[in-house]
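Each remark here refers to the structure printed beneath this line.
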Amino acid sequence: MSDEPTQLKPRLEIARDQAQSIIDRVAPRSSVLGVTELHGGQISAVFEIARKDAPACILKVYPAALQWKMAKEVYVLGLLSDIGTAVPRILLADDTRSLIDLNFVLMSKLDGTVLGRREASLTDAELFAIYAEMGAFLRRINDITFDSFGYIGPNGVWTAYATNRGYMSAQFDRKLTEFCQRGGDPALAERLRRSIAARQHLLDGAATPRLCHSSMPAMCW
């Protein structure tokens with residue numbers, strides 16, 4: 001195994017003429033005003049493309065080591081298209097590398113304000129209402145089910161498991177093995193393995209495979 005860390009987020013600039021070429025694929029008469037790189041995201045480089053005569057778009061560019069993430073994003077957004085809340089629309093998914101030497105998606109931009117920028121100025125009642133809305137949104141996501149447990153890939157669940165315990169146990173084992181391979185303390189890994197084994201019956205509480213994520217997406221309102 002290489003000691004070199006995997007570079008996730010691509011380091012690149014998107015020139016205005018490149019952005020115009022991308023926009024021309026979906027709206028040939030739309031004029032690009034400028035391109036701004038946005039903060040956030042651990043994997044994709046994210047840009048906002050401002051247009052003179054139409055709403056801004058979001059461009060997400062995927063790292064060379066994880067090009068398949070583009071197809072996964074398209075797949076998952078497709079699953080969310082009918083959940084009754086605003087989600088970005090995919091305008092273009094490109095893996096030809098003819099405009100950028102990486103896979104990318106162009107999607108609609110949702111209007112709103114990042115909650116963290118306004119949280120300090122909100123009342124307890126306003127915060128409760130916002131977090132209640134987040135919870136309802138997560139509930140609708142969790143209502144989407146699959147035929148098997150497992151990690152979601154570009155076209156659905158990759159290696160399928162019959163139970164949540166089987167899938168999560170395999171994930172814990174894989175991550176703890178990787179932890180040791182990367183120089184982690186074997187004694188700590190062993191303590192974690194014992195702790196997981198003592199509580200693995202809790203994993204049986206998830207009887208139906210459902211769509212979920214390890215973190216809540218950034219919320220706008």
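Structural remarks
- Filtered residues of segment 174-203 (kept if closer than 24 Å to Asn164 by Cα, hydrophobic (A, V, I, L, M, F, W, C) and touching a helix residue (DSSP H, G or I) at 6+ places or on another chain (Cβ under 8 Å)): Leu176, Phe179, Ala189, Leu192, Ile196, Leu203
- Qualifying position, being within 15 Å of Val105 (Cα to Cα) and in a loop (DSSP other than H, G, I, E, B), among Val87, Val76, Val46: Val87
- Test result for Leu92, more than 14 Å from the chain's Cα centre (by Cα), free of Cβ contacts under 8 Å to residues at least 60 places away in the same chain and assigned to a strand (DSSP E or B): no
- A single entry from Ala19, Ala65 fulfils the requirement of being surrounded by 14 or more Cβ atoms within 10 Å (Cβ to Cβ) and small (Gly, Ala, Ser): Ala19.
- So Ile83, is it touching an Asp or Glu at 6+ places or on another chain (Cβ under 9 Å), of a type in the set (A, V, I, L, M, F, W, C) and surrounded by 15 or more Cβ atoms within 10 Å (Cβ to Cβ): yes
- Test: residue in segment 18-30 that is basic (Lys, Arg), touching a strand residue (DSSP E or B) at 6+ places or on another chain (Cβ under 6 Å) and without any contact (Cβ under 8 Å) to a residue 40 or more places away in the chain: no
Conditions tested, residue by residue: (1) surrounded by fewer than 17 Cβ atoms within 10 Å (Cβ to Cβ); (2) within 18 Å of Gly156 (Cβ to Cβ).
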{"residue": "Ile49", "(1), (2)": "no, no"}
{"residue": "Lys52", "(1), (2)": "yes, no"}
{"residue": "Met70", "(1), (2)": "no, yes"}
{"residue": "Leu77", "(1), (2)": "yes, yes"}
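- Test: residue in segment 78-99 that is charged (D, E, K, R) and within 29 Å of Thr208 (Cα to Cα): yes
Rule-based calculations on the coordinates, nothing more; no lab input. As the structure is a computational prediction, the values presented were derived from the model and not from experiment. All Cβ positions, glycine included, derive from the backbone under ideal geometry; neighbour counts span all protein chains shown.
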